[in-house]
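Please read the structure below before turning to the comments.
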Ligand code: GLU
Ligand code: ZN
């Protein structure tokens, strides 16, 4: 039987890191086993599900490359099918109408509480034969009353639930709409799902679902419940710990493969390897290697992993991806070097594409001011002569290439008997406005000859004035 997994988000919110990790594991497992990955939108909650959230989910998955083989399938398109099963179950005595009023249930709860028992519906309508005038009933599933349900979870191992602890679950509300646990079972059967991989907040639903699989005479799929992702302080991951919506990471210039690489390591490992290409993940991933304990979200590590993927990405692609971030930084990509060259030059230093765009600003436009500390330290009268000489040779250069640039800087430094850095740093400060940039030859090549000479002239005039003041 071929492997079929599903990712089943509820569009009551957008895609956050936890749900993406679930989607990723489902996707990887299907890919690894040459199976199918199905996307199912669980939008039975008509009040809280929105079109915007659906779009955000689809866009997020698309950006990450977690493309479904089937779907999206919307539960809201399947109400007739759910109704059909409910009617069947009612006819077969597997489900029944419950006419209990709010007051009656509250009263039952009070009594159970007083008696020290735990609170559960006692099944009092199981044998009720008469409808109650004017009351729209809910439909409840007849859960077995004794025995146990064993979940052989692929992550958690064997987990046993007593049927006596489970009450008769509502499968249709009084307005007729079916409920989550029930729809999931019908869908997982109809969609021939073989492996249910989801967050362990659903573990308690699993015995109820297993009982309903049995009621449908269907075999239960295999289950794997993934441990939670926590914030660095051990609390449930939330906005407090930084962005949780995947679109925020996209906007900050994280690469999709870096997000997946970071998330795959939350709960899964392969030796002590940290960096995985998507190909490698698909080849190596196994649900059996997912560990049981919750993992903590670490934004510094995410940044580091992103940088590793920025370093590894082809320059051409990186350049194409950089363009919107340049624009976002208020820069005109046409007013400077090819973005692919910029990406190539800056990739060693940028944690994100957004950082890269911001630090490449001087390649696209002039700066108003040079960083004061750098001026003080590097644009000093002692450097006036070497800087003038370098400026002249650079201005005369016919072939503006990093090799030629580096030759000039080297030769100038040698002729003044100073080391390369003593000359390179003042040039850097003059041309970039600060003291950090790619290697000097790469930097000047990117900035271009015209801007380089203009900026050197500007710095030379400044040093001349300073020399006149402090000879
Ligand atoms: N719709 C559920 C959720 O978003 C997932 C249900 C499932 O995977 O069974 O939490
Ligand atoms: Zn009842």
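The values are calculated or read from the model by the stated rules, or taken from the named source; none is laboratory data. Since this is a predicted model, take the numbers as computed values, not measurements. Positions of Cβ are generated from backbone atoms using ideal geometry, with glycine treated the same way; all protein chains shown enter the neighbour counts.
Any residue that is within 16 Å of ligand 1 (Cβ to nearest atom), more than 27 Å from the chain's Cα centre (by Cα) and more than 20 Å from residue 121 (Cα to Cα) - is there at least one of those in the stretch 201-213? Yes - at least one qualifying residue is present in the stretch 201-213. Here residue 95 does not qualify as within 16 Å of ligand 1 (Cβ to nearest atom), in contact (Cβ under 8 Å) with a residue 40 or more places away in the chain and either surrounded by 12 or more Cβ atoms within 10 Å (Cβ to Cβ) or on the phi < 0 side of the Ramachandran plot (or both). Residue count for the stretch 259-282 satisfying the condition of being farther than 23 Å from residue 293 by Cα and in a helix (DSSP H, G or I): 3. Within the set 253, 234, 242, the sole residue that is surrounded by 21 or more Cβ atoms within 10 Å (Cβ to Cβ), over 26 Å from residue 195 (Cβ atoms) and in contact (Cβ under 8 Å) with a residue 40 or more places away in the chain turns out to be 253.
Looking at the stretch 70-77, can you tell me whether even one residue there is out of contact with any helix residue (DSSP H, G or I) (no Cβ under 9 Å at 6 or more places or on another chain), farther than 17 Å from residue 285 by Cβ and in a helix (DSSP H, G or I)? Yes: the stretch 70-77 contains one or more residues that are out of contact with any helix residue (DSSP H, G or I) (no Cβ under 9 Å at 6 or more places or on another chain), farther than 17 Å from residue 285 by Cβ and in a helix (DSSP H, G or I).
Which residue out of 107, 80, 55 is surrounded by fewer than 18 Cβ atoms within 10 Å (Cβ to Cβ) and at pLDDT below 95? Only one candidate passes the filter, namely 107. Within the stretch 413-426, the only residue that satisfies the criterion of being over 14 Å from residue 382 (Cβ atoms) and surrounded by 15 or more Cβ atoms within 10 Å (Cβ to Cβ) is 424.
Beta carbons closer than 7 Å, at least 6 apart along the sequence or on distinct chains, pair a first residue in the stretch 196-209 that is more than 20 Å from residue 37 (Cα to Cα) with a second that is assigned to a helix (DSSP H, G or I) and away from ligand 2 (no atom under 16 Å from the Cβ) for 205/181; 208/181; 209/181; 209/184; 209/185.
Rundown of residues vs (1) buried (at least 18 other Cβ atoms within 10 Å of the Cβ); (2) away from ligand 2 (no atom under 16 Å from the Cβ), yes/no style:
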| residue | (1), (2) |
| --- | --- |
| 158 | no, yes |
| 167 | yes, no |
| 172 | yes, no |
| 181 | yes, yes |
| 184 | yes, yes |
| 190 | no, yes |
| 207 | yes, yes |
| 212 | yes, yes |
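Candidates 67, 77: the one that is within 21 Å of the chain's Cα centre (by Cα) and away from ligand 1 (no atom under 13 Å from the Cβ) is 67.
Taking the stretch 99-134 as the range and being within 10 Å of ligand 2 (Cβ to nearest atom), without any contact (Cβ under 8 Å) to a residue 40 or more places away in the chain and closer than 19 Å to residue 169 by Cα as the test, the residues that pass are 99, 100, 101, 104, 105, 108, 124, 125, 128. Here the stretch 161-193 is the region considered, the condition is being in a loop (DSSP other than H, G, I, E, B) and out of contact with any helix residue (DSSP H, G or I) (no Cβ under 9 Å at 6 or more places or on another chain), and the residue that is farthest from ligand 1 (Cβ to nearest atom) is 174.
Of note, residue 61 satisfies the criterion of being within 16 Å of ligand 1 (Cβ to nearest atom), within 38 Å of the chain's Cα centre (by Cα) and not in a loop (DSSP other than H, G, I, E, B). Do we have residue 31 as more than 20 Å from residue 229 (Cβ to Cβ) and within 14 Å of ligand 1 (Cβ to nearest atom) here? No, not satisfied.
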